[in-house]
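These notes concern the structure reproduced below.
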Amino acid sequence: MANFNIDSTDDRTYDAIVIGSGASGGWAAKELCDKGLKTLILERGRDVKHIKDYPTASKGPWQFEYRGTVPLDARKDFQTARFVREETFHWAIKDDEQPFIQEKPFRWFRGYHVGGKSLLWARQTQRWSDFDFEGPARDGFAIDWPIRYKDLEPWYAHVEKFAGIAGNKDGLAELPDSECVPGFEMSCLEKHFKESLQKNYGDRYLIQGRCAHITDPQQIHIDQGRHKCQNQALCNRGCVYGGYFSSNASTLPWAMKTKKLTIRPFSVVHSIIYDEKKGKASGVRIVDGNTKETIDFYAKVIFVNASTINSNAILLNSTSSRFPNGFGNDSGLLGKYVAWHNYRGKANATYDGFKDKRTDGRNPSNAYIPRFRNVRKQDMNFLRGYAIGVAGGRGTFSDTSMIGDQLRDNLLNPQLGSWNIASWMQGETVPLEKNHVRLHPDLKDKYGIPQLIISCDWSENDDKMTEDYVQQSREMFEKAGFTNITAVDTKTPPGSDIHEMGGVRMGHDPKDSLLNKWNQFHHCKNVFVTDGACMTSTSCQNPTLTFMAITARAANYAVEEMKRKNL
Amino acid sequence: MAASGSLIALPSWAARWTQADVVGFASSFTTSEQVLLSSVADTIIPAGNSIGALSVGVDKFLVKLIDNCYEKEVQDNVKAQLRKLDDGAQQSFQKSFSACDLQQRQESLLKLASSNDKAENEFFKLMKSETIRGFSTSREVMVDHQKYKVAPGHYYGCVDVKA
């Protein structure tokens, strides 16, 4: 390529390149830098420096000119964007940044800035167990995972200790305990619900959700420059305390301290470069987001962590004589078997008791019922199951049905409301070949990169599972003595869960998978995919913790393989 | 009550206004429209013996908000309804809306609340909800009255309700 403004090839050569700086990319960079590799992170969005680039972090509502609403003029280029609020507008992505085609309705949330969605996530971190890893083999869907819990267990512990996970030791086989700092409190209503579940079911446990917040900073967190969570519950503005885990607060500055890391923002990855002679990848081609110039970077090993769907897009666009149908895609399955989580079911209720009690303050976490359907054996009319998020508290309200003096007095003196409890379904979806992403043959974006077509839809299994949740959440609420119960299937389109996975799945056999048990391409060992794209099945736990553990494991394996001169 | 040579009569709280106060920023609202808008906010949440919409700056918030965050059709309706409100006050009470007493102003506004005219109804709902938003999110209400702190926060799951 013609790169008139760029220095010599040497200046564009690293030991490792990581595509993406979100939760998994940050972990890849940290592990590789810790092991002494000169690492380049390519991030398509702008830079976001911890603390300095959280412009709204410490603002009260009155400090926003429009109290949250973004003026029409400012939002005219953001018609389809998320985070269009004054508090979070700095994360919103312009409509023309990456248009895509929804063959079926799909909500695609993206975080295109340094740190990616690690600044925007819900921070819930539940481990998988072998009930999850053995799911496809036991129930006969997708393909067998090439790894088991024991492969990941030390890496879960590794990332948990560093990230800081608040939670408790619950001793449940279906949700193995994490390495934790103390969990947040449960409310009296949540405790009441927990007891009712124990009494009425026996195999349904309400626990405090494990979440990536530091409730009791350990030396390793202090060394990162992070502080105790302040319970602001303003997390998605960016946290100046580093109270929750993000790449920006944690892995990236850590990797930067090794002096091995270079982060290059505004680097929109076009493709992975395959060297036909050497039979391996030689680097990554980008389009500079500002100059639109094409630039090639080189490395011995490449980690793809661009987020599930965008990693698929990059790999589909990485064609060569060896791989005419997309990178490593001899099986023809690249972009297929995309799955996600089913968050369609929601329930609400009120409770008449605990009149003399209330909750006080803001809870950055929530309670959680691990999966109880089909855990030890298949016994429902649908495959797999769902976890349930639960939040119950008592807040205040003001009657605003009038105007005048009474309205003012009501607003100045809010009243205690009744106890409310909400629950939401977090269902596993079964990966299907027809749920896929592919490149449009003609349409391109402003960087000259083919646009992506997303073609994902619910299946009958999802409908049946949602029906079960709706029925069961109602029953559990009834048994707990709750009233005014509503439980519904909201029928929201896929993607709303922001847990899309797969398309570049791991497996034993190159014939039906793309990656091996170390997340290497079967057909190109120096390229690793360790974000959600690698997932063979989805379980129902919030997936980011597992992406991070898989990444740390693969990065350390890559370093060992480089030492053995295998890469 | 005549005020500083303007054609409109200003209520007492506005008597100390200068031109700069009213048009301190570029706005599509004329001075008289801004005064009417302020009177509407003051009617929805009057200060009484405490604080109200105007003492926490809801009037300026509303002008900016409607100018910059709402489509032109909404802006036009707000202006048209302000005019109608003023005309209605002239007819019913022989004075401008802003010069009416609180009870007269509330009476005029509540007519819109129960009106079958969609435009009137929407105007009322918009004015009420945005005045409430401006008031409840003000520093005075959140910090002085409700002791809100950005940090440190806290969370206790089960505390006694204070008697």
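The values are calculated or read from the model by the stated rules, or taken from the named source; none is laboratory data. Everything quoted here is computed from the prediction, not taken from an experiment. Positions of Cβ are backbone-derived with ideal geometry, glycine not excepted, and every protein chain shown enters the neighbour counts. Protein only, heavy atoms only, side chains kept; ligands, DNA and RNA dropped before computing areas. Shrake-Rupley method; radii C 1.70, N 1.55, O 1.52, S 1.80 Å.
Pairs of Cα atoms nearer than 8 Å and 6+ residues apart set the relative contact order; for chain A it is 22 percent. Report note on the peptides A:253-262, A:12-21: ranked by the mean count of other C-beta atoms within 10 Å, highest first, their order is A:12-21, A:253-262. To the nearest whole number, what is the average tally of beta carbon atoms from other chains within 10 Å of the beta carbons of peptide A:63-73? Partner Cβ neighbours, averaged per residue: 5. Summing Cβ point charges (Lys, Arg +1; Asp, Glu -1) relative to the Cα centre of the range A:79-121 gives a dipole of roughly 200 debye. For the interface of chains B and A, what total accessible area is buried with a 1.4 Å probe, rounded to the nearest 100 Å²? Separately minus together, B and A give about 3900 Å² buried. Within the range A:384-413, the residues that become at least 20 Å² less accessible when every protein chain is included than when their own chain is isolated (1.4 Å probe; DNA, RNA and ligands ignored) are A:400, A:403, A:404, A:405, A:407, A:408, A:411, A:412. Choose one of A:187, B:132, B:89: the residue whose Cα lies farthest towards the positive end of the charge dipole of the protein assembly as shown (beta-carbon charges +1 Lys, Arg; -1 Asp, Glu; about the Cα centre). It is A:187. Oblate is the label for the range A:494-561, because a/c, from the alpha-carbon gyration tensor with a ≥ b ≥ c as root eigenvalues, is 1.5 or above and a/b does not exceed b/c. Bridge orientation summary for chain A: considering DSSP beta bridges with both residues in this region, about 70 percent are antiparallel. How would you classify the range A:94-189 from its alpha-carbon gyration tensor, with a ≥ b ≥ c the square roots of the eigenvalues: rounded for a/c under 1.5, else prolate if a/b is greater than b/c, otherwise oblate? Note, shape of the range A:94-189 comes out oblate. Counting Lys +1, Arg +1, Asp -1, Glu -1, what net charge surrounds residue B:41 among other residues with beta carbon under 9 Å of its beta carbon? Result for the local shell: -3. The residues of chain A have, on average, 37 Å² of accessible surface per residue, using a 1.4 Å probe with all protein chains present. Volume per residue of the convex hull around the Cα atoms, evaluated for the range A:360-465, comes out as 263 Å³. Only the Cβ atoms of Lys and Arg (+1) and of Asp and Glu (-1) were treated as charged; on that basis the dipole of the range A:313-357 about its Cα centre amounts to roughly 80 debye. Grouping the Cα pair distances of the range B:31-145 into 5 Å bins from zero gives a pair-distance distribution of 2, 12, 23, 25, 20, 11, 5, 1, 0 percent in increasing distance order. Within the range A:342-358, the residues that become at least 10 Å² less accessible when every protein chain is included than when their own chain is isolated (1.4 Å probe; DNA, RNA and ligands ignored) are A:356, A:357, A:358. Backbone N atoms of the range A:344-387 closer than 12 Å to the 7 Å Cα→Cβ label point of residue A:102 are not found in any residue. With the simple model of a label 7 Å out from the Cα in the direction of the Cβ, residue A:471 to residue A:402 spans 4.8 nm. In the range B:53-78, burial by the other protein chains removes 30 Å² or more of accessible area from B:61, B:64, B:68, B:69, compared with the chain on its own (1.4 Å probe, ligands and nucleic acids ignored).
Shown is the FRET efficiency for residue A:256 and residue A:203, computed with R0 = 51 Å from the Cβ-Cβ distance and rounded to the nearest 0.05: 0.65. Oblate is the label for the range A:1-144, because a/c, from the alpha-carbon gyration tensor with a ≥ b ≥ c as root eigenvalues, is 1.5 or above and a/b does not exceed b/c.
Per residue of peptide B:138-145, the mean number of Cβ atoms on other chains within 10 Å of the residue Cβ is 3.
Simple point charges give the picture: +1 on the Cβ of Lys and Arg, -1 on the Cβ of Asp and Glu, and for the range B:31-145 a dipole about the Cα centre of about 60 debye.
The residues of the range B:31-145 present an accessible area of 41 Å² per residue when probed at 1.4 Å with all protein chains retained. For residue A:566 and residue A:511, the FRET efficiency from 1/(1 + (r/R0)^6), where r spans their Cβ atoms and R0 equals 30 Å, is about 0.85.
Peptide B:43-50 has a mean shielding of 4, counted as Cβ atoms of other protein chains within 10 Å of each residue's Cβ.
Against the empirical curve 2.2 N^0.38 Å, the C-alpha radius of gyration of chain A lands at a ratio of 0.97. Leaving out ligands, DNA and RNA, what percent of the accessible area of the range A:225-342 is carbon and sulfur, probe 1.4 Å? Carbon plus sulfur share of accessible area: 49 percent.
Share of the range B:31-145's accessible area from carbon and sulfur, percent, 1.4 Å? For the range B:31-145, the apolar C and S fraction of the accessible surface comes to 48 percent. Packing-based ranking of A:299-305, A:503-509 yields A:299-305, A:503-509, ordered from highest to lowest mean Cβ neighbour count within 10 Å. Taking a virtual spin label 7 Å from the Cα of residue B:162 along the C-beta vector, which residues in the range A:392-419 bring their backbone nitrogen under 18 Å of it? Of the residues in the range A:392-419, A:394-398, A:410-417 have backbone N under 18 Å from the label point off residue B:162. Dividing the mean sequence gap of close Cα pairs (under 8 Å, 6+ apart) by how many residues the range A:6-148 holds gives a relative contact order of 21 percent.
With 26 Å as the limit on Cα-Cα distance, the pairs of A:94/B:149; B:84/B:128; A:94/B:72; A:76/A:444 that go past it are A:94/B:149. For the range A:520-567, applying the loop criterion from DSSP together with a ceiling of 14 other beta carbons within 10 Å to the trypsin sites (Lys or Arg not before Pro) yields A:564, A:565. Using the Cβ-Cβ distance between residue A:84 and residue A:177 with R0 set to 56 Å, the FRET efficiency works out to roughly 0.90.
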